[in-house]
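The values are calculated or read from the model by the stated rules, or taken from the named source; none is laboratory data. This structure is a prediction, so every number in the text was calculated from the model and none was measured. In this analysis, Cβ positions are derived from the backbone assuming ideal geometry, glycine residues included, and neighbour counts consider all displayed protein chains.
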DNA sequence: AGCGACATCTTGTCAATGACAAGTTAGGAT
DNA sequence: ATCCTAACTTGTCATTGACAAGATGTCGCT
C-alpha cells in the first residue's frame with residue numbers, strides 16, 4: 001500500500017510522510033504545509049493532494065502509521081506493566097511527530113475505519129501489558145480501572161515531557177524518569 | 001491589564017480572547033484565525049494585531065490566563081491530593097481551550113516572562129496539593145517523584161479524555177472517573 | 001509491438017490567511 | 001483648545017489549501 005514501485009518520483013507517498021515527520025519534529029503539526037512537503041520532495045505543489053486528498057488525509061495516514069508502530073512497540077515490550085509503560089513513553093519520545101498527531105483528533109479523520117482499526121490494535125496491546133503484571137500480583141480489584149490508571153500515568157508523563165513542561169530536575173533520560181514514576185503504581 | 005475602559009470597541013482584547021476560546025472549544029487551536037476573531041468581534045481584520053502583535057501573541061495571552069485560572073482552581077481545591085487531582089481534571093474539561101493551548105508551547109511564546117510566572121504559580125499550587133496528602137500519610141519516600149506521578153496521572157487522564165481516546169465504558173462523568181483513577185495512587 | 005486505460009504528477013487559479021505599512025479617529029492630559 | 005497617544009481602519013503582499021484541467025509515464029491486454 002505504501003510502497004508502489006518506481007513511478008515518476010519513486011515513492012512519493014513515503015517521502016511526503018517522512019518529510020511531514022521531520023517538520024512536525026521541528027515545529028509541531030501546525031507547521032505542516034502541503035506545499036512545503038512537496039518542495040522538500042521535489043515535486044509540484046499539487047502532488048500531495050493526489051496521494052492524500054488533503055492535509056487531513058496526510059495526517060490520517062500518519063496517525064494510522066503511528067498507532068501501528070505503537071502497537072508493535074508495546075507487543076515487543078511484553079506483558080509487564082513496567083516494561084509496557086516504559087515502551088509507551090519511549091515511543092512517544094522517539095516518534096514524537098506520530099504521537100503528537102495521534103492524540104489530536106481534530107487534525108485528521110479520527111473516525112476513518114483504518115484509524116479505528118489501528119487504534120484498537122494499540123489498545124489491545126496496551127491492555128495486554130497491564131493485564132500481565134496484574135495477574136502476577138494476584139488480580140486487581142478492577143482491571144478496567146487499573147488499565148486506565150496505567151495508561152493515564154504513562155500518557156501524562158509522555159505528554160508533559162514532550163511539552164517541555166517538566167522541571168529540569170527530572171533529568172534528561174525519559175526512560176529512567178518514567179520507570180520511577182510508573183513504579184509508584186505498585187508500591 | 002485586560003480591561004481598559006471603553007474605547008472604540010469597549011473591550012476588544014477581552015472580546016477577542018473570548019472568541020478564541022469559543023473557536024478552540026469547537027475546532028481546536030489550529031482553527032483559530034485572527035481575521036475570523038476580528039469578524040466575530042465586529043472589527044477590522046487588522047485590529048487584533050494591535051492588541052496581541054500576532055497570533056502567537058494572542059495565544060500567549062490565553063496561556064497566561066489559563067495558568068492563572070488553573071492556579072486558582074488548585075488553590076481552591078485545597079491540599080488534598082484527591083481533591084487537587086479532581087480539580088485539575090475538572091479544569092481541563094471545563095476550560096478545554098485554555099488547557100489545550102497551555103500545553104502546546106509551539107503555539108505561543110512559552111518563554112515569555114508572564115508565562116513563566118503564571119506557570120510557576122500553577123506548579124506551586126499543584127505541589128501544595130500533593131504535599132498535603134503525602135504529609136498525612138506519614139511522608140513519602142520521594143516527594144518529587146510522588147508529585148510527578150500525581151501530575152502525570154491527572155494530566156494523562158485529562159488529555160486522553162479531551163482527545164476522546166477513552167472507551168465509552170469509562171462513562172460521561174470526568175470527575176467521577178478521575179477520582180477512581182487517582183485513588184489508585186494510594187491503595 | 002501496439003494500444004488503451006489508469007495512476008501519477010504538473011500547471012493554473014481562487015479565496016482565505018498572517019503580517020506589515022500607513023493612515024484615521026477618539027480619549028485624556030495639560 | 002490643543003496635542004498626544006492608544007485604538008482601530010484600509011490597503012497590500014506572499015503563502016497556503018483546495019480544486020480543475022491537462023500532461024506524462026506505466027502497465028495490462030491483445
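If I filter the stretch B:128-135 for residues that are in a helix (DSSP H, G or I) and facing chain A (nearest Cβ under 9 Å), do I get at least one hit?
Going residue by residue through the stretch B:128-135, those that are in a helix (DSSP H, G or I) are B:128-135.
Checking which are facing chain A (nearest Cβ under 9 Å) leaves us with none.
No, every residue in the stretch B:128-135 fails to be in a helix (DSSP H, G or I) and facing chain A (nearest Cβ under 9 Å).
Looking for whichever is more than 8 Å from chain B (Cβ to nearest Cβ) and either at pLDDT below 90 or closer than 21 Å to residue B:186 by Cβ (or both) here; the options are A:139, A:171, A:144, A:156. Which one fits?
One residue alone meets the criteria, A:139.
In the stretch B:15-27, which residues are away from DNA strand C (no atom under 13 Å from the Cβ) and surrounded by fewer than 17 Cβ atoms within 10 Å (Cβ to Cβ)?
B:18, B:22, B:25, B:26
Given the conditions (1) within 11 Å of another protein chain (Cβ to nearest Cβ); (2) over 14 Å from residue A:184 (Cβ atoms); (3) in a helix (DSSP H, G or I), report the number of the one that residue B:166 does not fulfil.
Result: residue B:166 fails condition (3) only.
Of all residues in the stretch B:24-44, which are touching a residue at least 60 places away in the same chain (Cβ under 8 Å) and either within 11 Å of DNA strand D (Cβ to nearest atom) or in a helix (DSSP H, G or I) (or both)?
B:24, B:25, B:29
What's the number of the only condition in (1) at pLDDT below 95; (2) more than 14 Å from chain A (Cβ to nearest Cβ) that residue B:37 fails to meet?
(1) is the only condition that residue B:37 fails.
Being out of contact with any strand residue (DSSP E or B) (no Cβ under 7 Å at 6 or more places or on another chain), at pLDDT below 95 and surrounded by fewer than 19 Cβ atoms within 10 Å (Cβ to Cβ) narrows it down to one residue among B:10, B:53, B:57; which is it?
B:10
A quick yes/no check of all residues on (1) surrounded by 18 or more Cβ atoms within 10 Å (Cβ to Cβ); (2) modelled with pLDDT under 95; (3) within 19 Å of residue A:185 (Cα to Cα):
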| residue | (1), (2), (3) |
| --- | --- |
| A:43 | no, no, no |
| A:49 | no, no, no |
| A:73 | yes, no, no |
| A:79 | yes, yes, yes |
| A:108 | yes, no, no |
